[in-house]
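J.: So that we are looking at the same thing, I have put the structure below in structure tokens.
The values are calculated or read from the model by the stated rules, or taken from the named source; none is laboratory data. Model, not experiment: these values are computed from the prediction. A quick note on method: Cβ atoms are made from the backbone with ideal geometry, for glycine too, and the neighbour counts reach across all protein chains shown. Keep in mind that these areas ignore ligands, DNA and RNA; they rest on the heavy atoms of the full protein, side chains included. Shrake-Rupley method; radii C 1.70, N 1.55, O 1.52, S 1.80 Å.
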Amino acid sequence: MTNNVDIEERVEIKKLIGESKSNLESAKLLIDNVKHLHWHTIADFWNGLVVVLEKNGYEVLQKPTEEDFSDIAHGSSRKRNNASLSIEIKTSLPFNIQLEEYSDELLYFGVRNGQKLPKQYVKAFETLVANNEDYEDDENWYIWKYPSIPKDENIDSWDIYNDATFHLIDDSFRQRITSVIIDDISKFTKDVEDCLKAADNNK
């Protein structure tokens, strides 16, 4: 049954492309430029995220480069697999937040444990992880989480054929995903502050 549906869809796509010279030329243009489209789509998303972070008062200490985007969109399998995308921001609290995405890992953000922090902040992270299922930790991170994005809207910067990644071409979709990430970071810093206040009140 599934195969029959797939064949029917392919036939419909073929008919749609062949309906007009305009459709035919548009399809050919997309096929010929899909790697360039991939590059600009992920670059617009990550660079736009940097701009919005700065507008929200965060100092951006690290951001992806054009070479990073090229490795993912145009690189060999080895370069694509070894590539990563990362943004590091300085917050008003005594820790930096990193947003990262890898070929085998969706976008997430958190606080790496290489930072030397006051003990009360480390304790706050531990409390949040213990009491909130959204937050996690591991050997490399004090605390981290995935953005509050529906599963079918999770982007994969390595795959332009991923529905959500392709939809980043749409300005409104890209801005909405960016807003979710910004809101999640703001909520995270507030959760940390609330945790610290609660700990002080219990002394």
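J.: Considering only segment 82-135, state which residues are more than 18 Å from Gly57 (Cα to Cα), surrounded by 16 or more Cβ atoms within 10 Å (Cβ to Cβ) and among the polar types (S, T, N, Q).
T.: Scanning segment 82-135 gives Ser103, Asn113, Thr127.
J.: Let me ask something else. Since Ile97 meets every condition but one in (1) within 22 Å of Lys190 (Cα to Cα); (2) part of a helix (DSSP H, G or I); (3) not hydroxyl-bearing (Ser, Thr, Tyr), which condition does it not meet?
T.: Every listed condition holds for Ile97 apart from (2).
J.: Looking only at segment 59-103, count how many residues are over 21 Å from His40 (Cβ atoms) and in contact with a helix residue (DSSP H, G or I) (Cβ under 8 Å, 6 or more places away or on another chain).
T.: Total satisfying the criteria: 8.
J.: Something else about it: Among Ile143, Ile182, which is the only one that is within 13 Å of the chain's Cα centre (by Cα) and modelled with pLDDT of 95 or more?
T.: Ile182
J.: Which of the residues belonging to segment 136-176 are within 21 Å of Ile97 (Cα to Cα), open to solvent by 80 Å² or more (accessible area, probe 1.4 Å) and assigned to a loop (DSSP other than H, G, I, E, B)?
T.: Passing the criteria: Glu139, Tyr146.
J.: Let me ask something additional. Kindly indicate whether any position in segment 113-134 is under 29 Å from Lys79 (Cβ atoms) and basic (Lys, Arg).
T.: No, segment 113-134 contains no residue that is under 29 Å from Lys79 (Cβ atoms) and basic (Lys, Arg).
J.: In segment 136-153, is there at least one residue being closer than 21 Å to Tyr58 by Cβ and free of Cβ contacts under 8 Å to residues at least 24 places away in the same chain? So that I can check it myself, show each step before the final result.
T.: Start the filter on segment 136-153 by keeping residues that are closer than 21 Å to Tyr58 by Cβ, which leaves 141-149.
Next cut, free of Cβ contacts under 8 Å to residues at least 24 places away in the same chain only: none.
Checking segment 136-153: not a single residue is closer than 21 Å to Tyr58 by Cβ and free of Cβ contacts under 8 Å to residues at least 24 places away in the same chain.
J.: Considering only segment 64-81, state which residues are part of a loop (DSSP other than H, G, I, E, B) and surrounded by fewer than 18 Cβ atoms within 10 Å (Cβ to Cβ).
T.: Of everything in segment 64-81, those that are part of a loop (DSSP other than H, G, I, E, B) and surrounded by fewer than 18 Cβ atoms within 10 Å (Cβ to Cβ) turn out to be Thr65, Gly75, Ser76.
J.: Taking the stated definitions as given, is Leu99 in contact (Cβ under 8 Å) with a residue 40 or more places away in the chain and closer than 19 Å to Leu168 by Cα?
T.: Judged against the criteria, Leu99 is a match.
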